[in-house]
Amino acid sequence: MGEIKSYKDLLIWQKGIKIVCLVYQLVKSFPQEELYALSSQLKRASVSIPSNIAEGYGRNTDKSFSHFLDISRGSLFEIETQLVIANELGFITSKTLYTEILSQIEEESKMINAFSKTLKN
């Protein structure tokens, strides 16, 4: 893992934290009846991204780290799907925030793919 002293040094972890903050900001405007449904699911999936990156880093093997990166990537796709559903249901009031999160998800996915490839080589 080279020059990296902590998982907090990883750009993929930092971007994961940013996605969590954006998701929490977005779901504030969801209907109250969604508090324990789609809002909760989006929050859990977003928190899963940097959490799995940190856990994978802590496992201390490239193979294990790669596995946890795969889980993080799966959470990204889960969030993307849930955001599309929330948008279709009319829960999203800020289209700017919505497109920002989708953009961050796309970028994070590419970064995780690239990082995962370096671990596998």
Test result for R59, open to solvent by 20 Å² or more (accessible area, probe 1.4 Å), under 14 Å from S116 (Cα atoms) and not hydrophobic (A, V, I, L, M, F, W, C): no
Matching option when the condition is crowded, with 16+ Cβ neighbours inside 10 Å, at pLDDT below 95 and under 23 Å from Q14 (Cβ atoms), among S72, S116, S51, S64: S116
Pairs with Cβ under 6 Å, 6+ apart, first in the stretch 8-34 and over 16 Å from Q104 (Cα atoms) and in contact (Cβ under 8 Å) with a residue 40 or more places away in the chain, second open to solvent by 20 Å² or more (accessible area, probe 1.4 Å) and polar (S, T, N, Q): S29/T93
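The values are calculated or read from the model by the stated rules, or taken from the named source; none is laboratory data. All of these numbers come straight from a predicted model, not from anything done at the bench. Neighbour counts are summed over all protein chains in view; Cβ atoms, including those assigned to glycine, are modelled from backbone coordinates with ideal geometry. Ligands, DNA and RNA are excluded from the accessible area calculation, which covers all protein heavy atoms including side chains. Shrake-Rupley method; radii C 1.70, N 1.55, O 1.52, S 1.80 Å.
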